[in-house]
Every structure is written in structure tokens, then in C-alpha cells.
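Take a look at the structure set out below.
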Amino acid sequence: LAARKKDPNHTATSFNLASAYIQAGAFAEAQTILTDLHLKNPDNPEVLLNMAVVELGLDRPEQALAFLDRADIKFAQPRYEVLIHRGTAHSRLGDFNEALAFYQKAANIAPERARLSLNIAIAYDNLTQYDQAIEYYLIFLDQFKNLDPAQRHEIEQRVRKLKAYLAQKQGAETQ
């Protein structure tokens, strides 16, 4: 903030401040800065990508997709960040098949990203493809060793419920 007060037109400082606001969940503040940067340079793919993140943070997935479409065109090759945010936008719209397709494309670029495994698990869970959901929940838990204990417990509990449901379903089918 101090650096931006000294030179409010310094693009890198403004971009970094907007990124910090995004990290802090202050999406309205980030949007103000990014809108200004976007007006000055409407073809900057990093600004477009961050505008999409802000739109997702403000729960406006349709607007996020519009920014992601434009960012995707500006980047020379497919980017993990564009793909995962597209998946998130489609997930928020309830289109889990489309979300899963984008998550899988992102996994082709960066399969080691732990949060991606969670997103894939949730998409499969919403599609009632529970075997796959369990697989990806377990991958996530294995990848993310320092997960908050409450979050770990919640995911482990979901895995137990899904396993119990599948066991019950399998038992009913064999009778």
C-alpha cells in the first residue's frame, strides 16, 4: 500500500497489491485495482486471469468464464491456472462433467497439485461416481500432509460414508 501511494501508476505494484487482496479474500478491493489495470492494458493475460479469480471470489462464475476465455486466447499455450479456474467456474454452475473435463486437462499439466485432487474428488462425488471420488479424496489426503485437522476429519468422514454406501449397495445387489 505504501509503495502504491508513492506511485499509484506503477503497474507491477498495483498488480501485486491486487494479488495480495485476492489471497486475503478481499475480492472487491482486488477488483477495483484490476479493473484499472484492465482498462490500461485490456490484453494482459495475467490481469484477465486475476479478474476471473475475483469473479469466482464474488460468486460470478459466468463472468469468470468470460475473462478465462479471453486469457486463454492471450496465453501462448494452455495454462494450469486457466484450466483449474474454468473447472471451478463450471463446478459452481453445477456442470460437474464440464468441470471434471477441465480438471483432468489441468492434471495433465500439473498432476502433483494436491488441491486439484480435491476438486476432482468433489466433481466425481457430485456426479455420484463414488469409487472415483473415494480414489481422489484419498490421493488428496496423501498429497496434503499438513491439512487442517478439521478439514482432514471432514474428508475422512466423507470417505467412510461413501465406502459404507458402496458396501451397502453391493450387498443389496448380491442378495
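What does the charge count near Lys74 come to, summing +1 for each Lys or Arg and -1 for each Asp or Glu among other residues with Cβ under 14 Å from its Cβ?
Taking every other residue near Lys74 into account, the sum is -3.
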Accessible surface of the chain, 1.4 Å probe, proportion on carbon and sulfur as whole %: 50
Surface per residue (accessible, 1.4 Å probe) for the chain, Å²: 57
Karplus-derived 3J(HN,Hα), 6.51/-1.76/1.60, for each residue of the range 110-117, Hz, glycine and proline x: 9, x, 7, 6, 4, 4, 4, 4
MRE, 222 nm, helices only [DSSP H, n ≥ 4, -39500 (n - 2.57), over the chain, to nearest 500]: -26000 deg cm²/dmol
Those trypsin sites (Lys or Arg not before Pro) in the range 85-175 that DSSP places in a loop and that have at most 12 other beta carbons within 10 Å: Lys145
In Hz, Karplus ³J(HN,Hα) per residue of the range 30-38 (6.51, -1.76, 1.60; θ = phi - 60°; x = Gly, Pro): 5, 4, 4, 5, 5, 4, 4, 5, 5
Under 12 Å from the Cα of Lys105 - aspartates and glutamates, other chains or at least 8 residues apart: Glu81
Net charge of Cβ neighbours under 12 Å - reference Glu154; Lys, Arg +1; Asp, Glu -1: +2
Top positive-direction residue, dipole computed over the range 64-175 with Cβ charges, set Ala172, Thr88, Ala121: Thr88
Reciprocal of mean inverse Cα separation for the chain (Kirkwood radius, Å): 17.9
Gain upon complete extension [Ala28, Ala12; 0.36 nm per residue less C-alpha separation]: 3.9 nm
Point-charge dipole on Cβ atoms (K/R +1, D/E -1) for the chain, about Cα centre, debye to 20: 320
For the range 24-71, size of Cβ-based charge dipole, Lys and Arg +1, Asp and Glu -1, in debye: 60
Efficiency of FRET between Arg158 and Arg113 - r from beta-carbon atoms, R0 22 angstrom, step 0.05: 0.60
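The values are calculated or read from the model by the stated rules, or taken from the named source; none is laboratory data. Values in this document were obtained by computation on a predicted structure and should not be read as measured data. Ideal geometry is used to build each Cβ from the backbone, glycine not excepted, and the neighbour counts take in all protein chains shown. Surface accessibility is based on the protein's heavy atoms, side chains included, excluding ligands, DNA and RNA. Shrake-Rupley method; radii C 1.70, N 1.55, O 1.52, S 1.80 Å.
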